[in-house]
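Visitor: I have a structure I would like to understand better, so I am pasting it below and will then ask my questions one at a time.
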């Protein structure tokens, strides 16, 4: 079965592709279909933005679609600097991976060099009739002002995020580290949500 993932982020696709393939689900992307569609992600949270993406791409293709969004919250910085739903969009500009690393490195440096942060994720599967929603979070990791040179395309902040459990940058975590470092998030639960709702 083919299901569309409404993302151009290679890291999001890579995270779920193999596990879904093992369950006879072919995850295809908008790039595979040669579609370019700009979705106005003006939702108040990750679920609302995920829904906007899933519905827009379903309307364009007629295919059951997964939309996903993530919001970032950082302790110790003022509300007007909180990324929230605008992790990649700063002052009206969409940042590249390198620009994100530079911007967040400077932000963390400004507030002490090491800050506690949390990701909140939202996923919506839309089939034209109903939307199924799932939300989870990755809590209490550190954002630091010294990024590693290693990069995870699509998830640039993995180069400056450190797991307190393993004391490693996210980009350096092995699968064994990830299993130890669940922090309220289990990738298999997300995969199961997709399998159960398509």
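The values are calculated or read from the model by the stated rules, or taken from the named source; none is laboratory data. Predicted, not measured: the structure shown is a model, and the values here were computed from it. Every residue, glycine among them, receives a Cβ derived from its backbone with ideal geometry; neighbour counts consider all protein chains shown.
Visitor: Output the residues belonging to the range 60-103 that are within 19 Å of residue 45 (Cα to Cα), in contact (Cβ under 8 Å) with a residue 12 or more places away in the chain and assigned to a helix (DSSP H, G or I).
Guide: Correct list: 81 only.
Visitor: A further question on this structure: Looking at the range 51-58, is at least one residue assigned to a loop (DSSP other than H, G, I, E, B) and either crowded, with 18+ Cβ neighbours inside 10 Å or out of contact with any helix residue (DSSP H, G or I) (no Cβ under 7 Å at 6 or more places or on another chain) (or both)?
Guide: No, the range 51-58 contains no residue that is assigned to a loop (DSSP other than H, G, I, E, B) and either crowded, with 18+ Cβ neighbours inside 10 Å or out of contact with any helix residue (DSSP H, G or I) (no Cβ under 7 Å at 6 or more places or on another chain) (or both).
Visitor: Taking the range 142-198 as the region of interest, how many residues are assigned to a helix (DSSP H, G or I), closer than 27 Å to residue 1 by Cα and in contact (Cβ under 8 Å) with a residue 24 or more places away in the chain?
Guide: Adding up the residues that qualify gives 8.
Visitor: Hey, could you check the range 166-184 for residues that are closer than 19 Å to residue 74 by Cβ and in contact with a helix residue (DSSP H, G or I) (Cβ under 8 Å, 6 or more places away or on another chain) and say which is surrounded by the most Cβ atoms within 10 Å (Cβ to Cβ)?
Guide: Here the residue is 170.
Visitor: Okay, moving on. Run residue 92 past the list (1) more than 20 Å from residue 7 (Cβ to Cβ); (2) at pLDDT 95 or above; (3) out of contact with any strand residue (DSSP E or B) (no Cβ under 9 Å at 6 or more places or on another chain) and report the number of the one that doesn't hold.
Guide: (2)
Visitor: So, one more: Could you tell me how many of the residues in the range 1-56 are more than 19 Å from residue 193 (Cα to Cα), modelled with pLDDT of 90 or more and within 14 Å of the chain's Cα centre (by Cα)?
Guide: 1
Visitor: Run down 155, 111 and say which single residue is at negative phi, crowded, with 19+ Cβ neighbours inside 10 Å and out of contact with any strand residue (DSSP E or B) (no Cβ under 7 Å at 6 or more places or on another chain).
Guide: On the way: 111 fails: crowded, with 19+ Cβ neighbours inside 10 Å.
Exactly one residue qualifies, and that residue is 155.
Visitor: Here's something else I'd like to know. Anything in the range 16-32 that is buried (at least 17 other Cβ atoms within 10 Å of the Cβ) and either part of a loop (DSSP other than H, G, I, E, B) or touching a residue at least 40 places away in the same chain (Cβ under 8 Å) (or both)? List them, or say none.
Guide: Once the filter is applied, which keeps residues that are buried (at least 17 other Cβ atoms within 10 Å of the Cβ) and either part of a loop (DSSP other than H, G, I, E, B) or touching a residue at least 40 places away in the same chain (Cβ under 8 Å) (or both), the range 16-32 yields 16, 19, 20, 25, 30.
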